Structures are given as C-alpha cells and as structure tokens.
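Okay, so here's the structure we're looking at.
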Amino acid sequence: MEVLDLPGKGLDAVLMSELGVTVENKKKYQRQNWTKRPINEGAKQYAVNDVAYLFDLHESLVEKIKDQDKVEELIFKLAGTFKDFDKKFVPGIFKTTAYRKMSRAKRTKYEKIVDIREACAKELNVPANTVLTKQDLVLVTEDTEKIRRIRFHPKVPRGIRERLIDEVLKL
C-alpha cells in the first residue's frame, strides 16, 4: 500500500508486517493449474488461507491510514486510478476473429452452443474447452452436422457426448 510506505508491496509481505502471518506452501501452489479437476485439497487450503486474513488486514491498514492522517492522500491516489467497473465483461470466446466475422444468425447459434458446452463442463467439473474446443465451436456453428465427427476428450463420457450432440443438432 503506497500511502503507508510499507516495507513490501505483495500480500505476503504486508501480511507479515501487519499481522505477523506467514503463508505456507506458497511456492508449491502459486503456479497451480487451477483448471485441472478435481482441484488438489492442498491447493484448496492454500486458496482459503490466502484470503483468510483479508478482513483483519483491512482493519489494520485502515487504522494505520487514519493514525498517520493519510486518508486524503489515499482518496486522491484512488481517484487517479479509477476504472470503469460498469463495463460489461465479455468472455474471450466472444472476442475471437471467427466470432466477430460471423453473421448475426451464426453468432446466435454460436452463443447457444457455448451455453450447451458450458452446462456440460459445469456438470463434469472440467474446463469448457475440454468438452468442446474453440475450433470445434466454430466448425459446428458453420455446420451442426459436423458435431457427429468431433473427437471428444476422454473426460467427456458417452452420455454427455450424446446429449451435447442432440442439443446441438436441434439448433
């Protein structure tokens, strides 16, 4: 936190200087593949521990800001970094060149296929790209019959594949 001129800027350093807390297994789980399912229990615990002290840290830092009479400085600093948080989030899947070049009708079909894919991925607890790749999404949008020739990932069981194929063919 810049207005307080703390010795370190990272969460670990601030937790240590403000609360005397050391984060365990940081190196081991910092580069964890969070898309891999199921998520390792140690990684889950690391994630929970990473946020466990945030309320206490917030309280400590606010008190320090008040004690050092730096509220106004913080306000000016925050005002200078204001972001447009009302901006609608658009998933990357809808930012591709292939999607942008599609007609309105094709985009609508693509969006429906993405919804089907997302529902299947959620049910299986796997990344959506495991169910149907971005390339296959475009291919199937162009010609829904091509869904019959897709080579699915082994993590997608036959029942889910069949349901996905049926739903896409109904579009």
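Where a number appears in this text, it was derived from the coordinates with a stated rule and is not lab data. Treat the numbers as computed from the prediction; the structure is a model and nothing was measured. So basically every Cβ, Gly included, is an ideal-geometry build from the backbone, and we count neighbours across all protein chains shown.
Can you compute the charge dipole magnitude of the range 22-149 about its Cα centre, using +1 on each Lys and Arg Cβ and -1 on each Asp and Glu Cβ, nothing else charged? Give it in debye, rounded to the nearest 20. Let's see the in-between values first.
Numbers: 28 positive and 20 negative charges, 223 e Å.
Charge dipole, the range 22-149, about its Cα centre: 1080 debye, nearest 20.
Report, in deg cm²/dmol and to the nearest 500, the calculated mean residue ellipticity at 222 nm for the chain, where each DSSP H run with n ≥ 4 adds -39500 (n - 2.57) and the sum is divided by the residue count.
Details: 10 runs with 100 residues, N = 171.
That calculation yields -17000 deg cm²/dmol at 222 nm.
For the range 152-163, take each phi angle, set θ = phi - 60°, evaluate the Karplus expression 6.51 cos²θ - 1.76 cosθ + 1.60, and give the result in whole Hz per residue in order, putting x for glycine and proline.
Karplus values, whole Hz, x for Gly and Pro: 7, 5, x, 6, 9, x, 3, x, 5, 4, 4, 5.
Using the Karplus curve 6.51 cos²θ - 1.76 cosθ + 1.60 with θ = phi - 60°, work out ³J(HN,Hα) for each residue of the range 2-8 in order, rounded to whole Hz, and write x for Gly and Pro.
4, 5, 8, 6, 6, x, x
If you average the alpha carbon positions of the range 34-61 and of the range 1-19, how far apart do those two centres end up, in angstrom?
If you average the Cα positions of each part, the centres end up 18 Å apart.
Given an 8 Å cut-off on Cα distances and at least 6 residues of separation, report the relative contact order of the range 2-80 as a percent.
Details: 36 pairs, mean separation 27.2, N = 79.
With pairs under 8 Å counted, the relative contact order is 34 percent.
May I ask you to work out the translational diffusion coefficient for the range 2-80 at 4 °C, viscosity 1.567 mPa s, via Stokes-Einstein with Rh from the Kirkwood sum over Cα pairs, reported in whole µm²/s?
Numbers: Rh = 14.5 Å.
It comes out at roughly 90 µm²/s.
Expressed as a rounded percentage, what relative contact order does the chain have, with Cα pairs under 8 Å and six or more residues apart? If you can, show how the numbers build up before the last one.
Working: 101 pairs, mean separation 29.4, N = 171.
For the chain, the relative contact order is 17 percent.
Where Rh denotes the Kirkwood radius from the mean inverse Cα pair distance, what is Rg over Rh for the chain? Don't skip to the end; give the middle numbers.
Values: Rg = 23.3 Å, Rh = 20.3 Å.
Rg/Rh for the chain comes to 1.15.
Please state the relative contact order of the range 92-169 as a whole percent: Cα pairs under 8 Å, 6+ residues apart? Kindly include the intermediate steps, with their values, before the conclusion.
On the way: 55 pairs, mean separation 23.1, N = 78.
Result for the range 92-169 is 30 percent.
Can you compute the charge dipole magnitude of the range 2-80 about its Cα centre, using +1 on each Lys and Arg Cβ and -1 on each Asp and Glu Cβ, nothing else charged? Give it in debye, rounded to the nearest 20. Provide the component values of the computation, followed by the final result.
Details: 12 positive and 14 negative charges, 159 e Å.
Roughly 760 debye, rounded to the nearest 20.
If you plug each phi of the range 45-59 into the Karplus form 6.51 cos²θ - 1.76 cosθ + 1.60 with θ = phi - 60°, what whole-Hz ³J(HN,Hα) values come out, in order, with x for Gly and Pro?
5, 4, 4, 5, 5, 5, 10, 4, 9, 5, 5, 5, 5, 4, 4
What do you get for trypsin sites (Lys or Arg not before Pro) in the range 132-171 restricted to DSSP loop and a cutoff of at most 15 other Cβ within 10 Å of the site's Cβ?
Numbers: sites: Lys134, Lys146, Arg148, Arg149, Arg151, Lys155, Arg158, Arg161, Arg163, Lys170; in loops: Arg151, Lys155, Lys170.
Answer by residue number: Arg151, Lys155, Lys170.
Determine one quarter of the surface area of the Cα convex hull of the range 92-169, which equals its mean projected area, and express it in nm² to one decimal.
Working: hull surface 18.4 nm².
For the range 92-169, averaging the hull's shadow over all directions gives 4.6 nm².
Per-residue counts of other Cβ atoms within 10 Å, averaged by peptide: what ranking do you get for 63-72, 107-116, highest first?
Numbers: 63-72: 12.2, 107-116: 17.1.
So the peptides 63-72, 107-116, ranked by packing, come out 107-116, 63-72.
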